[in-house]
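The structure appears right after this line, and notes come after that.
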Number of protein chains: 2
Amino acid sequence: MILTVTLNAALDVTYGVDSLRPRASHRVGAVHRRAGGKGVNVARVLAGRGRAVTVTGLVGGPTGALVREDLRAVRGLRDALVPVSGESRRTVTVVSGDDGDATVFNERGPQVSPSEWRAFAGRFAELVREASVVALCGSLPPGLPSDAYAQLVARAAETGVPTVLDTSGAPLLDALGARPDVVKPNAAELVSATGCEDAAAGAERLRGLGARSVVVSSGPGGLLAVTPGGRRRAVPPERLAGNPTGAGDACVAALAAGLADGAHWGDVLSDAVALSAAAVACPVAGDVDAATYERFRTTVTVEDLHAPQPH
Amino acid sequence: MILTVTLNAALDVTYGVDSLRPRASHRVGAVHRRAGGKGVNVARVLAGRGRAVTVTGLVGGPTGALVREDLRAVRGLRDALVPVSGESRRTVTVVSGDDGDATVFNERGPQVSPSEWRAFAGRFAELVREASVVALCGSLPPGLPSDAYAQLVARAAETGVPTVLDTSGAPLLDALGARPDVVKPNAAELVSATGCEDAAAGAERLRGLGARSVVVSSGPGGLLAVTPGGRRRAVPPERLAGNPTGAGDACVAALAAGLADGAHWGDVLSDAVALSAAAVACPVAGDVDAATYERFRTTVTVEDLHAPQPH
């Protein structure tokens, strides 16, 4: 079983409007609601590929109840979310009918108490014993210690379970000392965390701080992986138009599946690029387009790079 | 007791953002949630003035539960909302911190079945017997007949209870045949309903279709009342900056209170203009600023107008 952690689970709400006009009053047409948060999307992708997957994290209030209700409809996905007294956040994405542009509003999430965090850590320690891999994804809700991911990564490592971490800022930097197996920042998050404009240099910086391997996603530019075995770049055969929101989550799903299978890095990266492209081809994060996946998985270019020679 | 009807009750959610930028992703700072819908706001204003008030209408789902929870905190307000199986709508207002501008997204509301509408009509018939006045406010949720207000106005008339109606478009036009006592369109709604650019002509048109009296609100321009006793204009002493969202609801509250008391039209209009101004001075619809109300109530100008002579 692959375990995904979503500490700030959300209800993702999409509003269809004719056209977004600041300062105006808009009639909302279609309203879609769906369980979200990065780890939930990762789990959805994995469940869709027939993987046994368990979702944990924090969820609360009437919005949290809607999150759980939506997850019940996903075949192969087990809900092991832990309740908190605060109300789970919503994200509202306003999609303009005229140009398809999306404008996103992200609530911060519920205030989590120290005792709620301890209860979660206890539950996590149980769940991780049944897991082959743990994927830890997304932002932290208010009230959690910024080393929350460090604590979970350390607990997984004690249990001998490898980890994939997809977060940014302080929660990312504070987790590195616990030695996560794979860290997946996107290019902007990497620059923000390290100050390095060069992706390879930034990835080495994160490795120097404790990450075993770093996979940097650059949208249509593909992936750069810096691992103990060297550097590789994986590039999609073509550029796809679509919805980039779920591409990072699909990438994490592929990395987690590859770790669970003990696959070779070249194959893992091909799969991750193909699955990311297949997510771009779908309008909703957590979905992947099977035809795009099949078309891309054999045509991704994976190149071994040599580290630059020292001067 | 004054009865207010909100067939499309809402949870009004306000998101604070630094600045609204179309196509960007926004971190939402403060989130405020409050029971809303025009009739709910009218009831809040009346309760705040010490009036016994009952709120009815349709409410459902987890969002409906939050609406009811919020109403429990309002002293003097009785919740007689009728449950439906669909989920109550939310409105999301995004307020920019840089300029204070508000951008509003209004969901349509739950699908209401014919049997749910019949159940509501039965409950309304009971409630109206205890009421001195009924205020019917706002849009209709999907599934209701467009003559829903006509049915309720007719039932109130049969019971001998006067009605104030604040709606627009087809629900307004379809209600006039049932002879509501006071109809309160704003200037834009009046033009849209009648095609008359001139407010007095538009008001006469609505009276011709069945409205006994028409009060047209024109923001800082004040009110024009066309009644069986003649025409009057009520104008505030000064223009106030602020939030115009709740001004119409405060006006309806004053009209309902005036009808309940059998007050003279001149006094009712002064009070309505002062209470509208007091709502503009508050950041949230349903609240009124007591100092502004006291300052305006004695300084509103009410002028008797003569109908133009026939050619």
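Give the residues of region A:127-147 whose amide nitrogen is closer than 16 Å to a point set 7 Å from the Cα of residue A:168 in the direction of its Cβ.
A:137-141
Taking only the alpha carbons of region B:1-147, what extent do you get along each of the three principal axes, in Å, biggest first?
On the principal axes, region B:1-147 reaches 51, 36, 24 Å in Cα extent.
Which value, in Å² and to the nearest 10, is the accessible area of residue A:184 when all protein chains are kept and the probe is 1.4 Å?
Here the residue's solvent-accessible area equals roughly 10 Å².
What percent do you get for the relative contact order of chain A when only Cα pairs under 8 Å and 6+ apart count? Before the final figure, lay out each step's value.
Details: 733 pairs, mean separation 46.4, N = 311.
Relative contact order for chain A comes out at 15 percent.
Per-residue HN-Hα couplings for region A:133-141, Karplus 6.51 cos²θ - 1.76 cosθ + 1.60 at θ = phi - 60°, whole Hz, x for Gly and Pro?
Listing the rounded values in order: 8, 10, 10, 10, 9, x, 7, 9, x Hz.
Suppose the Debye formula is applied to equal point scatterers at every Cα of region A:201-311; what is log10 I(q)/I(0) at q = 0.16 Å⁻¹?
Log-scaled intensity ratios, in q order: -0.68.
What relative contact order, as a whole-number percentage, does region B:163-273 give when Cα pairs under 8 Å and 6 or more residues apart are counted?
With pairs under 8 Å counted, the relative contact order is 20 percent.
Taking the Cα atoms of region A:41-104 alone, what are Rg (to one decimal) and Dmax (as a whole number) in Å?
Expressed in Å, the Cα Rg and Dmax of region A:41-104 come to 14.4, 40.
Return the percentage of antiparallel bridges among DSSP beta bridges fully within region A:67-188, rounded to the nearest 5 %. Kindly include the intermediate steps, with their values, before the conclusion.
Working: 5 of 11 bridges.
Approximately 45 percent, going by the DSSP bridge assignments.
Give, as a single signed number, the net charge of other residues whose beta carbon lies under 13 Å from the beta carbon of residue A:210, with Lys and Arg counted +1 and Asp and Glu -1. Intermediate results must be reported in sequence, preceding the final value.
On the way: positive: A:179, A:205, A:207, A:212; negative: A:147, A:174, A:181, A:204.
Charge balance near residue A:210 sits at 0.
Just from its helices, what would the mean residue ellipticity at 222 nm be for chain A, if runs of 4 or more DSSP H residues each count -39500 (n - 2.57) and the sum is divided by every residue, rounded to the nearest 500 deg cm²/dmol?
Details: 10 runs with 113 residues, N = 311.
About -11000 deg cm²/dmol.
Starting from a Cα-only point model with no solvent, please compute log10 I(q)/I(0) by Debye for chain B at q = 0.07, 0.10 1/Å.
Here log10 of I(q) over I(0) equals -0.26, -0.53.
Between copies, how far does the label point of residue B:65 sit from its twins, in nm, shortest first, when each point is 7 Å from Cα along Cα→Cβ?
0.1
Carbon and sulfur: what percent of region B:90-187's accessible surface (1.4 Å probe)?
Its accessible area is 48 percent carbon and sulfur atoms.
Tell me the distances, shortest first, between residue A:118 and the same position across the other copies, using label points 7 Å along Cα→Cβ, in nm to one decimal.
Spacings between copies for this position, smallest first, are 5.7 nm.
If we count every other residue with Cβ under 14 angstrom of residue B:100's Cβ, Lys/Arg +1 and Asp/Glu -1, where does the sum land?
-3
Give me the net charge of residue B:298's neighbourhood, meaning all other residues with Cβ under 15 Å from the Cβ of residue B:298; Lys, Arg count +1, Asp, Glu -1.
Summing Lys and Arg as +1 and Asp and Glu as -1 gives -2.
Quick check: the distance between the Cα centres of region B:234-249 and region A:108-150, to the nearest angstrom?
That distance is 49 Å.
When the chain is fully extended, how far beyond the present Cα-Cα distance does residue A:239 get from residue A:98, taking 0.36 nm per residue of separation?
48.4 nm
What accessible area, in Å² to the nearest ten, does a 1.4 Å probe give for residue A:140?
Accessible area of residue A:140: about 30 Å².
Normalise the Cα radius of gyration of region A:203-247 by 2.2 N^0.38 Å (N = residues in it) and let me know the number.
This ratio for region A:203-247 stands at 1.34.
I need the Debye-formula profile for region A:143-277: one equal scatterer per C-alpha, no solvent, reported as log10 I(q)/I(0) at q = 0.13, 0.14, 0.18 1/Å, two decimals.
Scattering profile of region A:143-277, log10 relative to I(0): -0.50, -0.58, -0.97.
Report the residue of chain A with the smallest Cβ-to-axis distance, using the rotation axis that brings A onto B, in whole Å.
Residue nearest the A-to-B axis, with distance in whole Å: A:62, 2.
Suppose all protein chains stay in the model; what accessible area per residue would a 1.4 Å probe give for chain B, in Å²?
41 Å²
As a test of the definition: with a 1.4 Å probe, what buried accessible area, both sides summed, do you compute for A against B, in Å² to the nearest 100?
Numbers: alone 13920 and 13900 Å², together 25440 Å².
By this definition, chains A and B bury close to 2400 Å².
How long are the three semi-axes of the equivalent ellipsoid for the protein assembly as shown, computed from the Cα gyration tensor as the root of 5 times each eigenvalue, in whole Å, largest first?
Rounded to whole Å, the semi-axes are 58, 23, 21.
May I ask you to report, in nm to one decimal and beginning with the shortest, the distances from residue B:100 to the same position in the other copies, taking label points 7 Å along Cα-to-Cβ?
Listed shortest first, these distances are 4.0 nm.
The values are calculated or read from the model by the stated rules, or taken from the named source; none is laboratory data. Because the structure is predicted, anything quoted here is derived from the model rather than measured. With ideal geometry, Cβ positions are generated from the backbone for all residues, glycine too; neighbour counts draw on all protein chains shown. SASA here: full protein model, heavy atoms, side chains in, ligands and nucleic acids out. Shrake-Rupley method; radii C 1.70, N 1.55, O 1.52, S 1.80 Å.
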